[in-house]
Amino acid sequence: MPCLNISANVSLEGVDTSSILSEATSTVAKIIGKPEAYVMIVLKGSVPISFGGTEQPAAYGELVSIGGLSPDVNKKLSAAISSILETKLSVPKSRFFLKFYDTKAHQSQEHAQCLHALHQN
């Protein structure tokens, strides 16, 4: 399950977050080649962020996926997500950083089993 977690230092008040989540979901699914049903997007606004010594609009993201990532895919994802943030949140592409984690299936399964066990109590 690909999970994209984005933090931005801009307010989300009055912003159509549903359109951002929807567009990011379809973009990640299409580029990675996974069904939208497995993609999770987390968007947080008003997070204190300083980038390049200023607090001008900026964002930081982390994308975790079980497979599907490569240097070419990562480049496409960075371009597409930064374009969404620039259009919808006015965060310049030059002030967005995206970190990628290509994890192994067994690591996520162990974590999911642990979470499942916690919710059984």
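Name the residues in segment 73-83 that are without any contact (Cβ under 8 Å) to a residue 60 or more places away in the chain and either farther than 21 Å from residue 94 by Cβ or among the aliphatic types (A, V, I, L, M) (or both), would you?
73, 77, 79, 80, listed by residue number.
Just to verify a result, which residue in segment 71-103, among those that are touching a helix residue (DSSP H, G or I) at 6+ places or on another chain (Cβ under 7 Å) and among the β-branched types (Val, Ile, Thr), is most open to solvent (accessible area, probe 1.4 Å)?
For segment 71-103, the residue satisfying everything is 73.
Taking segment 26-49 as the region of interest, how many residues are closer than 22 Å to residue 67 by Cα and in a loop (DSSP other than H, G, I, E, B)?
Initially, segment 26-49 is screened for residues closer than 22 Å to residue 67 by Cα, giving 26-42.
Of the ones still in play, those that are also in a loop (DSSP other than H, G, I, E, B) are 33-35, 39.
Here the count works out to 4.
Which one of the conditions (1) at pLDDT 95 or above; (2) part of a helix (DSSP H, G or I) does residue 106 fail to meet, given that it meets all the rest?
In the conditions (1) at pLDDT 95 or above; (2) part of a helix (DSSP H, G or I), residue 106 misses (1) alone.
Condition check: in a helix (DSSP H, G or I) and free of Cβ contacts under 8 Å to residues at least 24 places away in the same chain. Does residue 23 satisfy that?
No: the conditions fail for residue 23.
Of everything in segment 70-79, what is aliphatic (A, V, I, L, M) and under 11 Å from residue 28 (Cβ atoms)? Give them in sequence order.
73, 77
Looking at 14, 33, 68, which is the one that is touching a helix residue (DSSP H, G or I) at 6+ places or on another chain (Cβ under 7 Å) and at positive phi?
Every option except 68 fails the conditions.
So, in segment 10-66, of the ones that are more than 15 Å from the chain's Cα centre (by Cα) and of a type in the set (S, T, N, Q), which residue ends up most open to solvent (accessible area, probe 1.4 Å)?
56
The values are calculated or read from the model by the stated rules, or taken from the named source; none is laboratory data. All figures in this text were calculated on a predicted structure; none of them were measured in a lab. Positions of Cβ are backbone-derived with ideal geometry, glycine not excepted, and every protein chain shown enters the neighbour counts. When the accessible area is computed, the model is the full protein with side chains, heavy atoms only, and any ligands, DNA or RNA have been set aside. Shrake-Rupley method; radii C 1.70, N 1.55, O 1.52, S 1.80 Å.
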